[in-house]
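The values are calculated or read from the model by the stated rules, or taken from the named source; none is laboratory data. The shown structure was predicted, so the numbers you read here are calculated from the model rather than taken from an experiment. Ideal geometry is used to build each Cβ from the backbone, glycine not excepted, and the neighbour counts take in all protein chains shown. These area figures cover heavy atoms from the full protein model, side chains too; ligands, DNA and RNA do not enter into them. Shrake-Rupley method; radii C 1.70, N 1.55, O 1.52, S 1.80 Å.
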Amino acid sequence: MYTIREAATRTGLTEPVLRAWERRYGIVEPARTAGGYRLYDEAAIRRLRSMRRLIGDGWSASAAAAAIIAGTDPPGADVEMPGGDVEPPVDSEPRSLVDQLVDAAGALDSVRIEAVLDEMFAAGTYERVVDDHVLPALRALGDAWLAGRVAVAGEHVASYAVTRRLAASFQASGTGRDRSRPVLVGMPPGARHELGGLIFATALRRQGIPVLYLGADLPLDDWIAAVQRTDPKAVVIGAVMAADTEAAMSVGAGLRAAYPGVLIAFGGGAAPEPDRSEVLLGQTVRLPADVSAAVGVLDAALTPSAHRPTA
């Protein structure tokens, strides 16, 4: 059994990356000492080495973890690797805008980050830009950070640059046709990755649907109070990380108990599957990953009669 420091040495990964891979992907489940310290066995060390090898071969962190957990990862030499960052695969083709943004974030090159974002946001309509470039870039930044190719500072610089662009798009998208009954969009308690929610809120406003954007980490009591104050057409609860799923379900259940008639939509990569009976009644929907498709699904669910929340 190895401590986290020994595991980091034997795998060539940093301790923050080991914790992040455990939390985000469940790639290992280390034992704990009586004092709560992690202990890694040989099987865990092999899994971590395999994941690093696959990432070095060009796999995304999420795909590598899924393959290892399923036991479908291709075999490779199990060697003790020295410390240091995992180098990105060599690519003879021109670097995509997503790759360029990750490279700029890794170099802490804010000028280049802004230049790449200029190219991204000039590549088409808002909906195509976010689906084809922005959302893949955010996922790639997260994977690069987990793999040790981008430091926390670089991920923050790039993410905040994206946030500023999205906030400007939100402001420029108008207030909607009927501001009396908005759609509430936000994240459940503990969920802090809100850019997907902001992207979707902006897309709704661009279709003339009024939105009240509630942001990240919103407690259940505040969700309930917002529904009471605004009488919304629908409530959209985002869930990006695996840890957000249960929190999103709790918010949905709390809102359903307080307001049985409110239309609830779950969105994001970790969005929970709604209760089938509620889906059949048109009370709950799960939004697809594609932004344009998600807007269409929610818009279709918003009937004139309208899921008015009744206590």
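Structure notes:
- Lone unmet requirement of (1) open to solvent by less than 80 Å² (accessible area, probe 1.4 Å); (2) at pLDDT 70 or above for Met81: (2)
- Being farther than 23 Å from Met241 by Cα, in a helix (DSSP H, G or I), among the small types (Gly, Ala, Ser) and out of contact with any His (no Cβ under 6 Å at 6 or more places or on another chain) is a property that holds for Ser169.
- Selection within the range 5-42 - among the hydrophobic types (A, V, I, L, M, F, W, C) and outside any loop (DSSP other than H, G, I, E, B): Ala7, Ala8, Val17, Leu18, Ala20, Trp21, Ala31, Leu39
- Among residues of the range 140-164, those that are at pLDDT 90 or above, assigned to a helix (DSSP H, G or I) and either of a type in the set (Lys, Arg) or open to solvent by less than 60 Å² (accessible area, probe 1.4 Å) (or both), counted: 12
- Where a residue in the range 50-67 is free of Cβ contacts under 8 Å to residues at least 24 places away in the same chain and over 17 Å from Glu29 (Cβ atoms) and its partner, wherever it lies, is among the acidic types (Asp, Glu) and surrounded by fewer than 21 Cβ atoms within 10 Å (Cβ to Cβ), with Cβ under 6 Å and at least six apart: Ala67/Asp73
- Residues (open to solvent by 20 Å² or more (accessible area, probe 1.4 Å), at pLDDT below 85 and assigned to a loop (DSSP other than H, G, I, E, B)) located in the range 270-308: Glu273, Pro274, Asp275, Leu281, Gly282, Gln283, Leu302, Thr303, Pro304, Ser305, His307, Arg308
- Those residues of the range 32-47 which are in contact (Cβ under 8 Å) with a residue 12 or more places away in the chain and either open to solvent by 50 Å² or more (accessible area, probe 1.4 Å) or of a type in the set (D, E, K, R) (or both), in sequence order: Tyr37, Arg38, Asp41, Arg46, Arg47
- Hits in the range 240-255 (condition: buried (at least 18 other Cβ atoms within 10 Å of the Cβ) and of a type in the set (D, E, K, R)): Asp244
- Boolean, Leu18 is more than 21 Å from the chain's Cα centre (by Cα), open to solvent by less than 50 Å² (accessible area, probe 1.4 Å) and at negative phi: no
- Residues of the range 220-250 that turn out to be assigned to a loop (DSSP other than H, G, I, E, B) and more than 19 Å from the chain's Cα centre (by Cα), as a count: 3
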